[in-house]
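What follows draws every value from the coordinates through simple rules; no lab data is involved. Computed from a predicted structure; not experimentally measured. Glycine also receives a Cβ, built like all others from the backbone with ideal geometry; neighbour counts cover every protein chain displayed.
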Ligand SMILES: [Zn+2]
């Protein structure tokens, strides 16, 4: 199995950025890139900040894989590629966005960048239908939150998906700071 150089480079660089920006733990999150009817995806439990070729799996449309056991989110990645024109998908654990996900069904950024890029971010509750609900939400949104867990962003490249994850976390952090400031004023 030969991983295209561009696929490997994007996974390594975006994975390292996600880790260095504290958007995933050492072993959290996952990444994939569409490859025709197949997809390249990070192996289950791999360290996004230290990806090597041996950590990347190729999964066919029939579910068979070459390489290490693929991410436990593989079914979701396949569902998103089946429903959307996305070429890449990124899953991370942005902490302010995840904290806000407990309290809302829809996160609407208050900052101008967030409004411009994301408009609104649906929050899906974990449960037996979460794969279908997350994939369906990604048909009409760039990024979605799984309540109490993290975010999934689609893009034409991993770089675009990274942009939406970082935009979401920036918007959520700003919303959090406003809440803290308002609480201090009222206190
Ligand atoms: Zn996760």
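Taking Cα atoms only, the orientation of helix 158-186 departs from the longest principal axis of the chain by about 20 degrees.
Scaled to the compact-protein estimate 2.2 N^0.38 Å, what is the alpha-carbon radius of gyration of segment 5-186, rounded to two decimal places?
Values: Rg = 16.0 Å, N = 182, 2.2 N^0.38 = 15.9 Å.
The reported ratio for this selection is 1.01.
Were the residues from residue 125 through residue 103 laid out at 0.36 nm apart, the gain over their Cα-Cα distance would be 6.8 nm.
Arrange the following residues from fewest to most other Cβ atoms within 10 Å of their Cβ: 108, 180, 80, 124.
Values: 108 13, 180 10, 80 26, 124 23.
Going from least to most buried by this count: 180, 108, 124, 80.
Over segment 13-112, all Cα pairs binned in 5 Å intervals from 0 give whole-percent P(r) values of 2, 13, 22, 19, 19, 14, 7, 3, 1, listed from short to long.
What is the gain in length, in nm to one decimal, between residue 116 and residue 66 on full extension, counting 0.36 nm per residue of separation less the C-alpha to C-alpha distance? Write down the numbers at each step before the final one.
Values: separation 50, 0.36 × 50 = 18.00 nm, distance 3.97 nm.
Residue separation times 0.36 nm, minus the Cα-Cα distance, leaves 14.0 nm.
Determine the gain in length on full extension of the stretch residue 27-residue 84; use 0.36 nm per residue of separation and subtract their C-alpha separation, reporting nm with one decimal.
Numbers: separation 57, 0.36 × 57 = 20.52 nm, distance 2.75 nm.
Result for the pair: 17.8 nm of gain on full extension.
With both labels modelled 7 Å from their Cα along Cα-to-Cβ, the residue 181 to residue 132 distance reads 4.3 nm. Here residue 174 and residue 9 are evaluated by their C-beta separation; at R0 = 41 Å the FRET efficiency comes out at 0.80.
Which shape class, rounded, prolate or oblate, goes with segment 118-187 when its Cα gyration tensor gives a ≥ b ≥ c as root eigenvalues, a/c under 1.5 marks rounded, and past that a/b bigger than b/c marks prolate? Taking the square roots of the gyration eigenvalues as a ≥ b ≥ c, segment 118-187 is oblate.
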